[in-house]
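Read the structure below first, then the notes.
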Amino acid sequence: LPHRPAPGPTAALAADAARHRAEGHLERAAAALERALGLDPADPTLWQRLAEVRLDQGRPREAEQLALRSVPLTAGDAAARRHGWLLVARSRTRLGDQAGAREAEEKARVGGP
């Protein structure tokens, strides 16, 4: 079954992070997501949102690692798994790893592990 995010503080922190990111306050967004992950480290969406913030910050290596960390947590949620692999592909593209990006895109397409 897909992971169900914990209600309450985790959802509030994720909402704060989205607001901070939209306002361009990327460090605040990252801090809110890191706090949310401290409460619910099994939520792949939180890892992926943090990966997106790291991409926004120009930190593709860290984004790749965060996205890869999300993938095993997506069991039963094909959309989340696909999004995780697409984030890996974007990160690898920014790192100049075209072969690695193509591999991640293929995993996104077929739903690979």
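The values are calculated or read from the model by the stated rules, or taken from the named source; none is laboratory data. Keep in mind the model is a prediction, meaning the values are calculated, not measured. Counting neighbours? That spans all protein chains shown, and the Cβs are built from the backbone with ideal geometry, glycine included. Side chains included, ligands, DNA and RNA excluded: accessible areas come from the protein's heavy atoms. Shrake-Rupley method; radii C 1.70, N 1.55, O 1.52, S 1.80 Å.
Considering only Gly38, Gly111, Pro60, the residue lying farthest towards the positive end of the dipole of the chain is Gly111, judged by Cα position with unit charges set on Cβ.
Keeping every protein chain present and rolling a 1.4 Å probe, give me the accessible area per residue for the chain in Å².
Working: 5990 Å² over 113 residues.
That works out to 53 Å² per residue.
Please list, in order, the residues from region 10-31 whose amide nitrogen is less than 20 Å from a point placed 7 Å along the Cα→Cβ vector of Ala42. Taking a point 7 Å out along Cα→Cβ of Ala42, the residues of region 10-31 whose backbone N falls under 20 Å are 10-14.
Would you calculate a helix-derived [θ] at 222 nm for the chain, using -39,500 (n - 2.57) for each DSSP H run of n ≥ 4 and dividing by the full residue count, to the nearest 500? Numbers along the way, then the final one.
On the way: 6 runs with 82 residues, N = 113.
It lands at -23500 deg cm²/dmol.
Calculated on the alpha-carbon coordinates, the convex hull of the chain measures out at 81 cubic angstrom per residue.
Using only side-chain charges placed at the Cβ, +1 for Lys and Arg and -1 for Asp and Glu, the dipole size of the chain relative to its Cα centre rounds to 160 debye.
Straightening the chain between Ala11 and Arg61 buys 15.3 nm, computed as 0.36 nm per residue apart minus the Cα-Cα spacing.
Kindly state, to the nearest 0.05, the FRET efficiency for Glu103 paired with Ala78, given R0 = 22 Å and r defined as their beta-carbon distance.
Values: r = 18 Å, r/R0 = 0.84.
Calculated transfer efficiency: 0.75.
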